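Chemist: Sharing a structure, written as structure tokens. Questions coming.
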Amino acid sequence: MRRSQIVSLLLAILIGFGSLAGVLAAGWAPVLGVQLQGGVEVLLRPTAPADDEQLDRAIEIIRSRVDALGVAEPDITRQGEQVVVQLPGVKDKQRAVDLVGQTAELRFRPVLLTFNPFDEAEFGSALDLAGAYNGAVDPEDDTEADTETVEAEASLDFTLPEDDIADQAVVLPGRGEPVGYVLGPAELTGEAVAEAAATFNNAWVVNVDLTDEGAVGFDEMAARYFGQQVAIVLDGVVESAPVIRATEFGGTAVISGTFDEDGARDLAVALRFGALPVEFEQDDVRTVSATLGEGTLRAGVIAGVVGLILVGLYMLVYYRLLGIVAVASLAISGSVLWSLISWLGESRGLALTLAGTTGIIVSIGVQVDSNIVYYERIKEEVRRGRAVRSAADASFKGAFMTIVWADLASLIGAGVLYQLTSGTVRGFALYLGLATLIDLAVSYFFMRPLVVFIARRLVNEEPRRLGVLRPADGDVAPAATTTGGTS
Amino acid sequence: MIAALRGFYRGENSWDILRLSRKVLLGSAAAVLICVVALFVRGLNLGIEFEGGSVWEIPVPEEAQGAAADDAADGSGDAAADSTTTDDVASAAAEAGVPDARVQFVVVTGSPDIFRVRGVLGPDADSAAVAGALADAVGVDVESLSSRQVSPSFGDEVAGKARRALVVFFVLIALYLWFRFEWKMSVGALIAVGHDIVLTVGAYALFGFEVTPATVVAFLTIMGYSLYDTIVVFDRVKSNERSLPARSHFTYHALANVSLNQVLTRSVNTSITSVLPVLSLLVVGAGFLGAGTLAEFATALLIGLLVGSYSSIFVAMPTVAWLKGYEPGWAAAQAAADAAGRHDSMEAATQALAAESYTRSAPPRPRKKGRRR
């Protein structure tokens, strides 16, 4: 046995179990998908064609909304034009479904007060002002409004998204600036805006074209709040709060300020499209209860373990000593795969899905097959009279090429599916591909040297120990002259 | 039979698999025909992912089972179903705006039994309201429900994507096999894979199983396995073909037969070890999840795995052998063998291969020492 093979064997064991130990020590565990721990999965599709910029911005907005829900591992990804939002373990499922992909209104609200949100006294009086305003406007809802104010006062927080109601006063932050606003009921919505564009004219400004109806409403608002600020509010954030400088706009308005190019463009996009720059349709909404998720997970785990035990027993009975190598290969592959899945979950937030789990269970078969292809070649050569130790060396090259060509076909399949499909099938393709790559590595760096080691040290030229019966023992010359293989 | 198995274990099998395949293929053709007819007549039972619609799953609470057990003296299994019937659930669904809902009671060992409600939301209905109404009808908290809503256009898109992925996959695999082996083997492999897919999809049509994305995953797995198997067989044939000395002495038929016999043990063992995890998935999946995703997935896989191993031996290779038979060199070899009345050219091929690669009892030729090919 060559030194390089011993090194390779030791390295494989070290890397295989070392990575597992590292992952366990770091406290990483696979992130479980929605179907395995319960939660919400929403697939959004734009109702009209959307470009990359719009989709990326939409994802950003959805992400910030989801962050407000306090989900541990939200996964929001783009797959072509679709946006997949996965919220495993989310508690209030209906609220999550509503929040994701809703095209919130763009609203114009008069500014009642601006304050410094870092000053607790100012914040408190701002909340009082809003509470008083709502109490006066809506006496029927008195008690509820009061309790809400009390709660809000206690926590000194801006108005929550679900309390952001058009005809109520709200307390909201400015975008990217340390200013809080107390805002009156909405005067206009984004429907008043026909078109908005950022233009450069000595400084960056945003030109707004209003619809015919919108122009009337805008002028009314301008008359009422002339000389005061009106806030443009999106998704609970004040995008801009320009001062009204005229009472007759005649259908167009110009918003000027200290915009840089990006700021002006963002505001124009916000004005044009409302909260999400794209309108989405919820194509596929799935909520899974925690109990169902746990049941599925348990079934998958038990099925995997039982399957592994059965396969291990079969290999041990059929291939005897070589069966040990098969079981050890599975153990190494398994620990590498576990580490990889944990790492992907930890660093990328990539969740292990139900389809992924089945892909892995299926890949048990692929890993074992690599062993079988090799062992059958060894047995064939031994039956022909070759010495076991020589057969183990010499058979590997041919066997490994077979494994490579066959695995390559699996990889092509996994690659195509990963690129061209979405959702379930894509998750399956990912884990099938990973498992196949691990299979190749384990076959080369672990299975081969271990088999060679066993063939040299433990078989003692008794092929029975490998489950080989020669056609007719005795009519084959002892392979005394054999030297090591070349591969 | 025992003797045959024993010979098999010892690697003494030398069966004329190609000739056998001619008879077996009749059965295959019949099965394919039945499946195609079933596909056209019965069609596929598509899940909501492909047709659009909604599904709610409502677990039956333990307390309800206990309460129902008081008046239902006969047994415990159906007690929950007695307290709230599927009709109750269906009428609750209809009131909330899901007319013609299909309600199933699914018994699940190990976790609460469930009602599964499938239907299409009415124009004014709201899925949250339906979930609430269903939870009330069964008497559970709305958070314990699982649900799914799919828009009708989504299914078309999923199916379209899957079809496109399949076409690309087939083209790439055909090119790959052409590059690696030869185009005749591309043809053989694709026919074998097509055969497997028709049989598996046909089984779904015949038994009326629901086709879900998980099923599509199963079909893809089957294709993968089948190709993998076929490539292992082809690889052996190719390497044997390269090491045969003068091809005029042997027919392709013999070469293919010898190669098939050589890889047969591997095929059988691989099938067994691949089927074992799937069987456990089927038994455990069915045991824990009723007619859940895992069980259906496993059913498709089981059928596909068995058919896939079968087809790489009995469909892929015979197709290639038939195509190769028309190549001038192999045709001449066949004609010569027929003229000489030699039917044992398989044995000759075996011996030639053995002599070529494994010259152990004779003094070793130095050039070949330790070489496999």
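Chemist: Once you average over the residues of B:54-60, how many Cβ atoms of partner chains fall within 10 Å of each Cβ?
Modeler: Mean number of neighbouring Cβ atoms from other chains: 2.
Chemist: Quick check: pseudo-label points 7 Å beyond the Cα along Cα→Cβ at A:L24 and B:L20, how many nm apart are they?
Modeler: Spacing of the two 7 Å Cα→Cβ label points: 4.6 nm.
Chemist: Using the Kirkwood radius over Cα pairs, work out the Stokes-Einstein diffusion coefficient for region B:187-237 at 10 °C and 1.306 mPa s, in µm²/s as a whole number.
Modeler: This corresponds to a translational diffusion coefficient of 136 µm²/s.
Chemist: Sticking with this structure for a sec: Once the Cβ-Cβ distance between B:A128 and A:D157 is put in as r, and R0 is 22 Å, what FRET efficiency do you end up with, to the nearest 0.05?
Modeler: E(calc), rounded to 0.05, equals 0.25.
Chemist: Does anyone have the angle between helix A:354-383 and the longest principal axis of chain A? Alpha-carbon axes, 0 to 90°, nearest 10?
Modeler: For helix A:354-383, the angle is close to 20 degrees.
Chemist: So what's the angle, to the nearest 10 degrees on a 0 to 90 scale, between helix A:212-224 and the longest Cα principal axis of chain A?
Modeler: Its long axis makes an angle of about 60 degrees.
Chemist: Now for a different question. How big is the antiparallel share of DSSP beta bridges in chain A, given as a percent to the nearest 5?
Modeler: 95 percent
Chemist: Across peptide B:260-267, how many C-beta atoms of other chains are within 10 Å of each residue C-beta, on average?
Modeler: 4
Chemist: Can you list the residues of region A:20-51 with backbone N under 14 Å from a point 7 Å past the Cα of A:E81, pointing along Cα to Cβ?
Modeler: In region A:20-51, the label zone of A:E81 (backbone N under 14 Å from the point 7 Å along Cα→Cβ) covers A:44-51.
Chemist: Also, I was wondering about something else. Okay, which of region A:18-51 sit inside 17 Å, backbone N to the point 7 Å along the Cα-Cβ direction of A:E279?
Modeler: Residues passing the 17 Å test: A:44-51.
Chemist: With a sphere of radius 13 Å drawn around the Cβ of B:A218, what net charge do the other residues whose Cβ falls strictly inside it have (Lys, Arg +1; Asp, Glu -1)?
Modeler: -3
Chemist: Using a 7 Å offset from the Cα along the Cα-to-Cβ direction at both B:D141 and A:V243, what is the distance between the two label points in nm, to one decimal?
Modeler: 5.4 nm
Chemist: Based on the Cα gyration tensor of chain A, what are the three equivalent ellipsoid semi-axes, each the root of five times an eigenvalue, rounded to whole Å and given largest first?
Modeler: In descending order, the three semi-axes are 68, 22, 18 Å.
Chemist: Using Stokes-Einstein with the Kirkwood hydrodynamic radius over Cα pairs, what translational diffusion coefficient do you get for region A:106-273 at 4 °C and a viscosity of 1.567 mPa s, in µm²/s rounded to a whole number?
Modeler: Using the Kirkwood radius from Cα pairs, D works out to 79 µm²/s.
Chemist: Please average, across the residues of A:287-298, the number of beta carbons from any other chain that are within 10 Å of each residue's own beta carbon, and give a whole number.
Modeler: For peptide A:287-298, the averaged partner shielding equals 6.
Chemist: Here's something else I'd like to know. Would you mind calculating the gained length between A:V301 and A:D209 on full extension (0.36 nm times residue separation, minus the Cα-Cα distance), in nm to one decimal?
Modeler: 27.2 nm
Chemist: If you line up the long axis of helix A:448-457 against the longest principal axis of chain A, both from Cα atoms, how many degrees apart are they, to the nearest 10?
Modeler: Value to nearest ten degrees: 30.
Since every read-out is calculated from the coordinates, none of them should be taken as a lab result. Remember, predicted model here, so these are calculated numbers, not experimental data. Neighbour counts run over all protein chains shown; Cβ positions are idealised from the backbone, glycine included.
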